[in-house]
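Working notes, beginning with the structure itself.
The values are calculated or read from the model by the stated rules, or taken from the named source; none is laboratory data. Since the structure is predicted, the reported quantities are computational estimates derived from the model, not experimental observations. Positions of Cβ are backbone-derived with ideal geometry, glycine not excepted, and every protein chain shown enters the neighbour counts.
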Amino acid sequence: MLIRSIALIMIAVAVFASDEPAYAQELLTLTVVVTGATPNTGQALGSLFDSEESYLKAPAQETIVAIDAAGRATLTFEDLTAGTYAVSVIYDKNSDGELDTNFLGIPKELIAMSNNAKGRFGPPGFEKTRFDMATNKTIELRFGKAKD
C-alpha cells in the first residue's frame with residue numbers, strides 16, 4: 001500500500017512539474033490563396049486580425065509574398081489557436097510596401113478581404129470579414145477594387 005501511494009505521488013509531481021501544459025492546445029495553420037493579380041508583378045501584403053478591436057489596426061500576424069506566374073499569391077499564417085479571425089490582403093503592384101490611395105484615401109491598388117467582403121463607404125466591417133477556425137483551413141480570395 002505504501003509503495004502504491006509513493007508511486008501515485010511521484011506521478012502527480014511529474015505531471016505538475018512538467019513544462020508542457022496538460023491540455024496543450026493544437027496550433028493551427030491558415031492558408032490564404034489570392035488570385036486576380038498581374039502575373040509575376042508585385043507582391044501581396046497579408047494581415048491577420050484576431051479580434052474586432054484589432055481589426056485593420058493591429059494585426060496578429062503579417063506576411064509578404066511575391067505574386068507568382070499565375071497571378072496568384074499563397075499566404076500562410078501559422079501557430080494559430082482556435083478562434084475568430086479576419087484577413088486583409090493588399091496587392092502591392094509596385095512593391096513599395098504600402099497601399100497606394102488617391103487624394104480621398106480610396107485605394108488605387110487592389111485588395112482582398114476574407115469572405116471576399118466589400119465595403120461601401122470604407123472597408124467592410126469585422127462582422128463581414130470574420131470567420132471561425134477550429135481546424136487547419138484554406139480560404140480562397142480574389143483581388144478587386146476596394147468598394148462595390
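Scan segment 70-102 for residues that are over 13 Å from residue 34 (Cα atoms) and not in a strand (DSSP E or B) and report the count.
Qualifying residue count, segment 70-102: 11.
Any residue at all in segment 84-107 that is within 16 Å of residue 52 (Cβ to Cβ), touching a Gly at 6+ places or on another chain (Cβ under 8 Å) and either surrounded by 12 or more Cβ atoms within 10 Å (Cβ to Cβ) or modelled with pLDDT of 95 or more (or both)?
Step one: list which residues in segment 84-107 are within 16 Å of residue 52 (Cβ to Cβ), which gives 84-88.
This time we only want the ones that are touching a Gly at 6+ places or on another chain (Cβ under 8 Å), so: 87-88.
Of the ones still in play, those that are also either surrounded by 12 or more Cβ atoms within 10 Å (Cβ to Cβ) or modelled with pLDDT of 95 or more (or both) are 87-88.
Scanning segment 84-107, I find at least one residue that is within 16 Å of residue 52 (Cβ to Cβ), touching a Gly at 6+ places or on another chain (Cβ under 8 Å) and either surrounded by 12 or more Cβ atoms within 10 Å (Cβ to Cβ) or modelled with pLDDT of 95 or more (or both), so the answer is yes.
Can you confirm whether segment 48-56 contains a residue that is aromatic (Phe, Trp, Tyr), assigned to a loop (DSSP other than H, G, I, E, B) and modelled with pLDDT of 90 or more? Full working, then the answer.
First, the residues of segment 48-56 that are aromatic (Phe, Trp, Tyr): 49, 55.
Next cut, assigned to a loop (DSSP other than H, G, I, E, B) only: 55.
Retained after the next criterion (residues that are modelled with pLDDT of 90 or more): 55.
Yes; the residues of segment 48-56 include at least one that is aromatic (Phe, Trp, Tyr), assigned to a loop (DSSP other than H, G, I, E, B) and modelled with pLDDT of 90 or more.
Does residue 34 qualify as being more than 12 Å from the chain's Cα centre (by Cα), among the β-branched types (Val, Ile, Thr), within 20 Å of residue 124 (Cα to Cα) and in a strand (DSSP E or B)? Walk me through it before giving the result.
On the way: more than 12 Å from the chain's Cα centre (by Cα): yes; among the β-branched types (Val, Ile, Thr): yes; within 20 Å of residue 124 (Cα to Cα): yes; in a strand (DSSP E or B): yes.
Yes; evaluated as a whole, the condition is true for this residue.
Go through segment 118-127 residue by residue and tally those that are more than 24 Å from residue 41 (Cα to Cα) and surrounded by 14 or more Cβ atoms within 10 Å (Cβ to Cβ). So that I can check it myself, show each step before the final result.
Step one: list which residues in segment 118-127 are more than 24 Å from residue 41 (Cα to Cα), which gives 119-127.
Subsequent filtering for residues that are surrounded by 14 or more Cβ atoms within 10 Å (Cβ to Cβ) retains 119, 123-126.
Going through segment 118-127 one residue at a time, the tally reaches 5.
Name the one entry in 59, 39 that is assigned to a loop (DSSP other than H, G, I, E, B) and surrounded by 17 or more Cβ atoms within 10 Å (Cβ to Cβ). Steps first, answer last, please.
Numbers: 39 fails: surrounded by 17 or more Cβ atoms within 10 Å (Cβ to Cβ).
Unique residue meeting the criteria: 59.
Contact list please: Cβ distance under 6 Å, first residue in segment 79-100 and touching a residue at least 40 places away in the same chain (Cβ under 8 Å) and under 20 Å from residue 127 (Cα atoms), second residue of a type in the set (Ser, Thr, Tyr) and in a strand (DSSP E or B), pairs at least six apart or on different chains.
88/47
Restricting attention to segment 124-148, which residues are in contact with a strand residue (DSSP E or B) (Cβ under 7 Å, 6 or more places away or on another chain), assigned to a loop (DSSP other than H, G, I, E, B) and not small (Gly, Ala, Ser)?
If the condition is that a residue be in contact with a strand residue (DSSP E or B) (Cβ under 7 Å, 6 or more places away or on another chain), assigned to a loop (DSSP other than H, G, I, E, B) and not small (Gly, Ala, Ser), then 124, 130, 135, 136, 143 are the ones that fit.
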